[in-house]
Amino acid sequence: MRHLPILLTVVPLTGAFLVPVLGRRPDRAYRLALLSVLLVLACAAGLLAMTGSGQTLQYYVGDWPPPWGIEVRVDALGAMLATFFAFVYLMVVLYAGSSVRAELGPAAQFWYWSLLLLLLAGINGVLTARDLFNLFVFTEIASLSACAIISVRDRLDSMEAALKYLILSAVAGGCILLGVALLYMVTGQLHLDHLGAALPAAAGSYPRVLLAALALLVSGFALKSALFPLHVWLPDAHSSAPSPSSAILSGLVVKLGIVALVRLFFVVFDWRRLVTLPLPTMVMAMGALGIVLGALFAMGQRDLKRMLAYSTVVQVGYIYFGLALLDEIALTGALMHVVNHALLKSMLFLCVGLIISRTGERSTAAMAGLARSMPLTVASFTVGAAAMVGIPLTNGFVSKWYMVLGTLNSGRPAMVAVILVSSLLSALYYFPLVVSAYFGRPASPQAEGPEGPPAMVWPVVGLAAVCLVLGIWPELPLRLLGGVARVMLGL
Amino acid sequence: MGMPLALFVRLNYMAAITLFLIGLHVLLGHPNLIKKVMGMNIMETGVFLFLVSIGYARHSAAPIMSPGGAESGLYANPLVSAIVLTGIVIAVSTTAYTLSLTIKLYEHCGTLDVNRLERLRR
Amino acid sequence: MSSTFEIASCLPVVAVMLPLVGAAAAYLVGLRWGLLRNWLCCAVTAGSLALCLAMYPDIARGGVLVARAAVLLPLGISFRVDVLGFLLATVSAAIWFLATLYSLEYMRGEHGVNRYYAFLVLTLAGSLGTFLAGDLLTLFIFFELMSLPAAVLVIHEETQEAVRAALKYLFMTIGGSLFFFFSMVATYQFAGSVALGGRGLVGEASTLAFLTFMGFVVAFGIKAGMVPLHVWLPDAHPVAPSPASALLSGVMIKTGAYGMLRVMYEIFGLDLLRQTGWPSVLLGLSVATILLGSMVAVTQFDLKRRLAYSSVGQMGCILLGMSLMSERALTGDVFHFFADAVAKSCLFLCAGVIMKETGKRDIRQFGGIGHRLPITMACFAIAAFTLVGIPPFNGFISKLQLSLGAFDAGMPGYALALLASSMLNAVYYLPIVITAFFDRAAPAAANGAGRRRLAEAHPTMLAPIVVLALGCAVFALSSENWPLRLSETAARLLLRR
Amino acid sequence: MRQLGATALLVVAAAVLFATLAEAPPFGWQEAPTRNVITDRYLAPGAGETGVLNAVTRIIFDYRSYDTLGEATVLFVGVAAAVVVLSGRTGRFAVRLAGGSDDPVLQTVTRVVVPLVQVFAAYVITHGHLSPGGGFAGGTMLGASFVLYLFVFGADRARRKLRPETGEMVEGGAAVWYVLVGLGGVLMGASFLANAAAGFPRGVEGALLSGGAVWLIGLGIGVKVAATVANLFLHLTGED
């Protein structure tokens, strides 16, 4: 049990490495991936159970204590995100088990499973990292494998999107590494807690170096998580990937930069000191711009996947907005939205994947009249749309409640307008789709038969069900995240 | 101590940062994909040089101990070397991947010019 | 009578859950057995009515029924039934039952019947929940649960026009719910609670408190069809099937006014409102709503559009009554909820019969129609007289009380607005009735072949209309005016006298 | 426009970074903040608590071995991604390298040089804990010898020496080996990737077989990197 924190990364890594050795046949690779993801889910759930009682699990890799060795730490935030992310992963893997055969060539198939597992390892590594350089390494694993699961599709647009993503990731990586180097230069520490402890002294002697390091780290991680003006790579990358990849990229991978910045803001750089800088205001402004402009872009899209991708830009802005308020309630809401959006957006991408594989079209017009032939998919899509708008009984409502309350609590009532406008705009681009799916006239005669292989349909329904459950009974995550927010703010 | 002198005793850092910026400029500004890859490597080399410079102390030796030695001499900081090693490997992987994408795109479109690729796209 | 005591009861929960579960059951049953589904829906709505009535003994003793569901959502769900909630819930359950009965024949052979019934029952759950809610969050949730499924009823015909109306309705509903949401969260921020039934949660006047108030005004104003936020209403109500229109216009828009009433007296409180004078915003808007709604109604010749604009006008009266803040105005206000709900749903059901039996919706072609549909048109006349405010009917009582309330409040000018409303109502309702019975030139053209043929609707359609028409008259005529008594109690409770 | 934006960014970044660095600890300063308890322990004299003389190797394969696992993973990801992208392509470049060179001088020299390089590479890999070098450096050399062979004798013959599937399996296998050594620590009751703490023998200071897990991991990394480099070139130069 003591080793659970490290198993979060070691299990998927082992699975991924074993794929080219044992699983050169796609079905065997799939089973290997499924097994690994199930194990990870079990580990994460176990960790959640342990951290749920207020415990924080520390693990010294190689038995070297912190300033010398690397510590892996699972707090309530890490355990919770790891659990939900692993659940999303499980659903996506189940879905992909049927869909990759249609979307990928035979040679790419077994590598795809390996890359998916590597990405999971990267994600879990970032969630549990407590060492700045370790965080960087796992961020790079995640970024590189995220690009890779786009370019597995042998198509020109996927390649170009992956290249664009890769180049900007490299820029971000360079910035982050330089930031790490600057921080190390003036503190001599890499462990997050020790860095935080050493920072006040360093701030006396080298204030500008610290500022530069902060700027580099923030821009690097913001680029990786597509904060508004740095989002340019996202719509291409997320829309041209195979649908399971899009689900993971939009649902999970963009959250990593956010998690990293959360650690930086609240563990390394004292947030009370950050308040004196214009940084929170800037992040808030960028988040607000992302919310509004992203939604306007989304409305202009005729391609379903691009629309969802722009919607991700909106939601990332939303989360950053909540973080930058630096308020306990808003922080709870923002972290809750990390979970909610992970579930929602991956579900929506899988829905759209089903629709595309059924109709062969990816335009918004393809939705018209689909409710008759694809009832479950369209119902799930409806749940997703409702949650994006924040209608009660869906999980989106819960995070919206906390975000608005937090905005008021931090004394910025005017900023509530941003959140409400974002909801309204979401309604403006999601609801016409839902209405046309139920009441529109199909453009082309619809195929008879089931709406898709059960292995593709049921994961979507499962994700939608979890969204509803979290909307009706959000008590557990809220309690944990509220605790996390209090700890981070030092209350 | 004026600004020029302050910069002079930190010449290594300046050089490293200059490399970083040159690389960044090429990576973002140059339309040729191969040049972009080069820019990426130059940028990363700049960071590595910077890291290695941090670790150097005047008159220090390479951090390899002699067997049986009990004296502790002055060695360069081994941690930055380890970081650089990791960084290099990450850079190599990224480069390999980027180059393979570039090759693939070149075979598809017969060009390495980003502007023309972008136009082909839409 | 003003002292109340709380009684823990599961009745409100059951009353709301029954249609909620019933809707799902109706949909599933309806996939195979259409007839069974129809009667199931009737049973469910009748059951809800019975459950509402079952609360009466406790309410009559001056009790307030409270129920708290397990911790759900950020704050939990609670129900709290006092006289006001009881009266409106009972009336709406009754109208729902009658509309469902009416649908049996009206919807025979239509498309999408299964969907129609399921959503009809689902919206009942929403509106019952709204009327019985014990806190703002519960009210919000059921408000949404009613408003969003109602879009399905609006879109039922699936014509281009219906889709456009439904989207407009949907966007405005969502916009309204965002204002509601903001104000609710702001209330929570002020008071740390959103519970209803107190004397005011928002302690003092501030800019944010005013914004909160305006947020509620906009949110409920959209639902209630307050000018200038009424634009969705005349599009959405007429395109729905007639029984659904009856519910939309008769009951569902009342939830907006109901929410406003609760918020004004239980979230902000009489003292704060008197001190700040914020309700004058609502006063102005409600007068505009009365006049504009009624005047536009005169220019409409589509029967259902005219009725829809009439609803706008009547909602103006209701909003006016609550912003006068005097006891008699409130009594009239609550009674007008009841009077208008009964009369307006009766009118829409009549309109359904007219359209179904004669295929006409243009008022100018209604000459002599009363001879073909005597019972329907008689009921139509009674309901119309009610809304005009002609003495023996409910509408007279409510308008009288409202006008007296305006004098009590020291604002006699508003009684003129009510008078104008009645006159305009007369202008657009009476000609329909008159031409229907007394136009001697038209019958030949209208009925073809010149023969007067009796073509009254099926009994299950006629019965609800007759019951509703009786509802307009019976209470007003009897010495024991039960709804009025409850209205008086409700008004006293709201004012905490 | 793009050019202009990049230049503006460059100017701003340069101004900021130079201004920043004028304040940084001077280059070569012996009391720099980076000289602290951490580096002191890393630079413990002799073989110290790890049994490794090379302090850099101590860090990458022992103190911060987890990072190195991540690093090996990045390499694996990069190559896997490249292999997927390059598989099934038309092979416009493949043709030129398939045959290699006919020059007898080149071929003869290569025949001599390749084994020498490989022996040296083996030395570097196995002595990483004692002297400069280690798994990464030696592995690259080993891979480079294969690249040299490929350039001279052509991709077709190189492919016969090392089939791409074999390369991929060796690469994956070596990575699994790394994890297994790490899990060995767990089995022996210590933490993942523990070395001396788990009871791996530290060995005699300065001996070839010393350093416990460090030596085992170094070996695995050497093999993995060699396979990676070879594999990558096989894919870059030919179609499947």
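The values are calculated or read from the model by the stated rules, or taken from the named source; none is laboratory data. Being a predicted model, the structure only gives us computed values, none of them experimental. Cβ placement follows ideal geometry from the backbone for every residue including glycine, while neighbour counts extend to all protein chains displayed.
If you take just the helices (runs of 4 or more DSSP H) that sit entirely in the range B:1-73, which of them hold at least 2 residues that are among the β-branched types (V, I, T), over 21 Å from B:L99 (Cα atoms) and out of contact with any His (no Cβ under 8 Å at 6 or more places or on another chain)? Lay out the reasoning, then the answer.
Working: elements: B:3-8, B:11-29, B:33-55.
Because the criterion is at least 2 residues that are among the β-branched types (V, I, T), over 21 Å from B:L99 (Cα atoms) and out of contact with any His (no Cβ under 8 Å at 6 or more places or on another chain), the helices (runs of 4 or more DSSP H) in the range B:1-73 that meet it are B:11-29, B:33-55.
Within the range D:171-197, residues that are within 11 Å of A:D63 (Cα to Cα) reach partners that are of a type in the set (S, T, Y) with beta carbons closer than 7 Å, at six or more positions or on different chains, in the pairs D:G185/D:S191; D:S191/A:Y59; D:S191/A:Y60; D:L193/D:S65; D:L193/D:Y66; D:N195/D:T50; D:A196/D:T50.
Any residue that is at the interface with another protein chain (Cβ under 7 Å from one of its Cβ atoms), touching a Lys or Arg at 6+ places or on another chain (Cβ under 9 Å) and buried (at least 18 other Cβ atoms within 10 Å of the Cβ) - is there at least one of those in the range B:1-24? No, the conditions are met nowhere in the range B:1-24.
Within the range C:95-117, being surrounded by fewer than 24 Cβ atoms within 10 Å (Cβ to Cβ) and more than 17 Å from C:E157 (Cβ to Cβ) holds for C:F97, C:L101, C:L104, C:E105.
The single residue among A:G125, A:G179 that is buried (at least 24 other Cβ atoms within 10 Å of the Cβ) and touching a Phe, Trp or Tyr at 6+ places or on another chain (Cβ under 7 Å) turns out to be A:G125. When the residues of the range D:19-37 are narrowed to those that are facing chain B (nearest Cβ under 7 Å) and not in a loop (DSSP other than H, G, I, E, B), which ends up surrounded by the most Cβ atoms within 10 Å (Cβ to Cβ)? Only one residue tops the list, namely D:L21.
Can you work out which of the residues in the range A:36-66 that are of a type outside the set (A, V, I, L, M, F, W, C) and surrounded by 20 or more Cβ atoms within 10 Å (Cβ to Cβ) is farthest from A:L118 (Cα to Cα)? Please lay out each step first, then the result.
Residues of the range A:36-66 of a type outside the set (A, V, I, L, M, F, W, C): A:36, A:46, A:51-56, A:58-60, A:62-63, A:65-66.
After this cut, where a residue has to be surrounded by 20 or more Cβ atoms within 10 Å (Cβ to Cβ) as well, the list is A:36, A:51, A:59-60, A:62.
On the way: A:S36: 11, A:T51: 25, A:Y59: 21, A:Y60: 22, A:G62: 22 Å.
Only one residue tops the list, namely A:T51.
So that you can scan it fast, the table gives a plain yes or no per residue for (1) aliphatic (A, V, I, L, M); (2) within 20 Å of A:A417 (Cα to Cα):
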site	(1), (2)
A:P278	no, no
A:M284	yes, yes
A:G287	no, yes
A:L293	yes, yes
A:R302	no, no
A:M307	yes, no
A:V313	yes, yes
A:L323	yes, yes
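Residues in the range A:468-491 that are more than 14 Å from every other protein chain (Cβ to nearest Cβ) and surrounded by 14 or more Cβ atoms within 10 Å (Cβ to Cβ): A:L480, A:G483, A:V484, A:A485, A:V487, A:M488, A:L489. The condition (being under 26 Å from D:F61 (Cβ atoms), within 14 Å of chain B (Cβ to nearest Cβ) and part of a helix (DSSP H, G or I)) is satisfied by just one residue among D:G185, D:G206, D:G218: D:G218. Just one of the listed residues (C:A246, C:A205, C:A257, C:A219) is in contact with a helix residue (DSSP H, G or I) (Cβ under 6 Å, 6 or more places away or on another chain), outside the structural domain of C:P412 (by TED's automatic domain parsing) and in a loop (DSSP other than H, G, I, E, B), namely C:A205.
Buried (at least 20 other Cβ atoms within 10 Å of the Cβ), at pLDDT 90 or above and under 25 Å from D:D40 (Cβ atoms) - does that describe any residue in the range B:86-97?
Going through the range B:86-97, the residues buried (at least 20 other Cβ atoms within 10 Å of the Cβ) turn out to be B:86-87, B:89-94, B:96-97.
Now narrow it down to the ones that are at pLDDT 90 or above: B:86-87, B:89-94, B:96-97.
In the following step, the residues that additionally are under 25 Å from D:D40 (Cβ atoms) were identified as B:86-87.
The answer is yes, given that some residue of the range B:86-97 is buried (at least 20 other Cβ atoms within 10 Å of the Cβ), at pLDDT 90 or above and under 25 Å from D:D40 (Cβ atoms).
Note on the range A:151-267: enclosed helices (runs of 4 or more DSSP H) holding 3 or more residues that are within 14 Å of another protein chain (Cβ to nearest Cβ) are A:156-187, A:192-205, A:207-224, A:234-240. Of all residues in the range A:57-91, those being part of a helix (DSSP H, G or I) and either in contact with a Phe, Trp or Tyr (Cβ under 9 Å, 6 or more places away or on another chain) or within 14 Å of another protein chain (Cβ to nearest Cβ) (or both) number 4.
Can you name the residue in the range A:37-46 that is in contact (Cβ under 8 Å) with a residue 24 or more places away in the chain and either over 20 Å from the mean Cα position of the chain (by Cα) or more than 14 Å from chain D (Cβ to nearest Cβ) (or both) and is also farthest from D:A81 (Cα to Cα) among such residues? Taking the candidates together, the pick is A:G46.
Picking from D:T73, D:T50, D:T57, which residue would you name as being hydroxyl-bearing (S, T, Y), at the interface with chain B (Cβ under 9 Å from one of its Cβ atoms) and crowded, with 24+ Cβ neighbours inside 10 Å?
Details: D:T73 fails: at the interface with chain B (Cβ under 9 Å from one of its Cβ atoms); D:T50 fails: at the interface with chain B (Cβ under 9 Å from one of its Cβ atoms).
Going through D:T73, D:T50, D:T57 in turn, just one is hydroxyl-bearing (S, T, Y), at the interface with chain B (Cβ under 9 Å from one of its Cβ atoms) and crowded, with 24+ Cβ neighbours inside 10 Å: D:T57.
Here's the yes/no breakdown for (1) free of Cβ contacts under 8 Å to residues at least 12 places away in the same chain; (2) part of a helix (DSSP H, G or I); (3) within 12 Å of chain A (Cβ to nearest Cβ); (4) within 15 Å of C:V14 (Cα to Cα):
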position	(1), (2), (3), (4)
C:F119	no, yes, yes, no
C:L128	no, yes, no, yes
C:E144	no, yes, yes, no
C:E157	no, no, yes, no
C:A162	no, yes, yes, no
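More than 25 Å from the chain's Cα centre (by Cα) and either surrounded by fewer than 19 Cβ atoms within 10 Å (Cβ to Cβ) or outside any helix (DSSP H, G or I) (or both): is that true of A:R28 in this structure? So A:R28 passes the test.
I need a count of the residues in the range C:288-300 that are crowded, with 23+ Cβ neighbours inside 10 Å and over 11 Å from C:M226 (Cβ atoms). Spell out how you get there, then give the answer.
Going through the range C:288-300, the residues crowded, with 23+ Cβ neighbours inside 10 Å turn out to be C:289-290, C:293-294, C:297.
When the remaining residues are screened for being over 11 Å from C:M226 (Cβ atoms), the result is C:294, C:297.
So the answer is 2.
Looking only at residues in the range A:406-445 that are surrounded by 15 or more Cβ atoms within 10 Å (Cβ to Cβ) and not in a helix (DSSP H, G or I), which one is nearest to the other protein chains (Cβ to nearest Cβ)? Selected residue: A:G440.
Please determine, by comparing only the residues of the range A:372-405 that are among the aliphatic types (A, V, I, L, M) and under 12 Å from A:G333 (Cβ atoms), which one is farthest from the other protein chains (Cβ to nearest Cβ). So that I can check it myself, show each step before the final result.
Residues of the range A:372-405 among the aliphatic types (A, V, I, L, M): A:374, A:376, A:378-379, A:383, A:385-389, A:391, A:393, A:398, A:403-405.
Filter again for under 12 Å from A:G333 (Cβ atoms), leaving A:398, A:403-405.
On the way: A:V398: 6, A:M403: 9, A:V404: 4, A:L405: 5 Å.
Among them, the one singled out is A:M403.
Conditions first: (1) at pLDDT below 95; (2) on the phi < 0 side of the Ramachandran plot. A:L90 passes all but one, so which condition is the exception? Going through (1) at pLDDT below 95; (2) on the phi < 0 side of the Ramachandran plot one by one, A:L90 breaks only (1).
Could you tell me how many of the residues in the range B:107-117 are more than 8 Å from every other protein chain (Cβ to nearest Cβ) and either in contact (Cβ under 8 Å) with a residue 12 or more places away in the chain or within 18 Å of A:K164 (Cβ to Cβ) (or both)?
Of the residues in the range B:107-117, the ones more than 8 Å from every other protein chain (Cβ to nearest Cβ) are B:110-116.
Now narrow it down to the ones that are either in contact (Cβ under 8 Å) with a residue 12 or more places away in the chain or within 18 Å of A:K164 (Cβ to Cβ) (or both): B:111-116.
Here the count works out to 6.
Within the range C:164-178, the only residue that satisfies the criterion of being more than 8 Å from chain A (Cβ to nearest Cβ), surrounded by fewer than 22 Cβ atoms within 10 Å (Cβ to Cβ) and hydrophobic (A, V, I, L, M, F, W, C) is C:M172.
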